[in-house]
Amino acid sequence: MEHAAFDIGAYMTKGVERVVKDAVKATLKDPTESIFMAKYAMATKKASEIRKNFDAEGLHVPPFLIASITSNCNLHCKGCYSRQNHATEDCTPKDQLTDEDWAQIFNEAESLGISFILLAGGEPLLRPGVIEAASRKPSILFPIFTNGVYISDKYFELFDRCRNLVPIMSIEGHKEATDARRGEGIYDKLLSNMEVFKKKHLLFGDSITVTTENFDDVLSDDFVTMLQGYGCKAMIYVEYVPVSDDSKDLALSEEQEQQLRERIDELRQKYEEMVFISFPGDEKSSGGCVAAGRGFFHINSHGGAEPCPFSPFSDTNVKDVSLKGAISSRLFKLLQDGDILKDDHVGGCVLFEKKDLVQSLLSQ
């Protein structure tokens, strides 16, 4: 398959514009939310111009950043890739980035034209100081991927005051599937949170890890309609990445990947007031994986700049270099110039499947 004509900058900019356009449409009935999204739409255009200027200087700045702001988590979800990679632990290490470190990263991200910073963990709501720092950057949208357990009155008030913070709660389908993977009582807590979000007219979304076991359930109209009824405005479908050989049967087949893409298109047309995102999406026909700085990259809780959360390898730390320097890391450059990101693969992540090859680049 020929990828030479693929323009990663145009592809990612178009993706940002589509998400923002869909988000504006999804919030038209809520004046507070729609005013924020309209202002944010203008901010993304400015950010796009900033990135174009850096491109002209020879530096490709991706519009997305994934920030794992803590290694700590209160849950032990079945098949968690983060615990398998030892990126998530029960105790909080002392060498994690501080609240001030993250605030500086957000400042530099804004100056580089980065429009989206996805806050992950561990459980990101265990770092209220970082969340507060994010709230002070209205030109950046911060989806917060949370298990929902720590959402309280304090966070409801913060989300109401700072509309650039968008909680994205993890749910695995209906009650049986969610509690089986995440723990008893989690499903009921999520529904309770959604009821408050709906009552307060707050923007929120849900993240679904799609496996062979919940495939039909989470893509059903019954499930989508239920979340729509609670006021969910964004659904992010994440293809399961096997954490070990004995969990490969949970990864989607190529046929299911195609079905997922087709179903996402159907959902976008049927539920116009909701935003639907598939990750990693149709990489095979869009020029390959967009990690390692092509479209996004990952900063772990210790400051290591990694291709993505599923590929925990790093040769650069933001404690030692600027964010601009991290984007220009040798590892990212090798991945971008090579063929790994454009390769065919099984399951949702080429870098996870080629992890031995990625690791070998560090020693070159």
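The values are calculated or read from the model by the stated rules, or taken from the named source; none is laboratory data. On a predicted model such as this, the values are computed, not experimentally measured, just so you know. Cβ: placed from backbone, ideal geometry, glycine included. Neighbour counts: every protein chain shown. Only protein heavy atoms, including side chains, enter the accessible area calculation; ligands, DNA and RNA are left aside. Shrake-Rupley method; radii C 1.70, N 1.55, O 1.52, S 1.80 Å.
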Report, by residue number, each residue of the stretch 158-181 that is over 17 Å from MET226 (Cβ atoms) and open to solvent by 30 Å² or more (accessible area, probe 1.4 Å).
-> ASP160, ARG161, ALA180, ARG181
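Yes or no, residue by residue, for (1) modelled with pLDDT of 95 or more; (2) among the hydrophobic types (A, V, I, L, M, F, W, C):
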position	(1), (2)
GLU100	yes, no
PHE106	yes, yes
GLY113	yes, no
GLY121	no, no
VAL130	yes, yes
ALA134	yes, yes
LYS137	yes, no
ILE151	yes, yes
TYR155	yes, no
Can you tell me which residues in the stretch 285-319 are touching a residue at least 12 places away in the same chain (Cβ under 8 Å), open to solvent by 10 Å² or more (accessible area, probe 1.4 Å), touching a helix residue (DSSP H, G or I) at 6+ places or on another chain (Cβ under 9 Å) and not hydrophobic (A, V, I, L, M, F, W, C)?
-> SER286, ARG294, PRO309, PRO312, SER314, ASP315, THR316, ASN317, LYS319
Answer yes or no as to whether LYS94 is more than 22 Å from GLY185 (Cα to Cα) and either assigned to a loop (DSSP other than H, G, I, E, B) or at pLDDT below 70 (or both).
-> yes
Here are some residues: CYS349, CYS308. Which one is modelled with pLDDT of 80 or more and within 19 Å of ALA120 (Cα to Cα)?
-> CYS308
Picked from the stretch 192-215 (must be modelled with pLDDT of 95 or more and open to solvent by 30 Å² or more (accessible area, probe 1.4 Å)), the residue farthest from MET37 (Cα to Cα) is SER192
Can you tell me which residue within the stretch 140-168, out of those that are in a loop (DSSP other than H, G, I, E, B) and hydrophobic (A, V, I, L, M, F, W, C), is nearest to ASN193 (Cα to Cα)?
-> ILE151
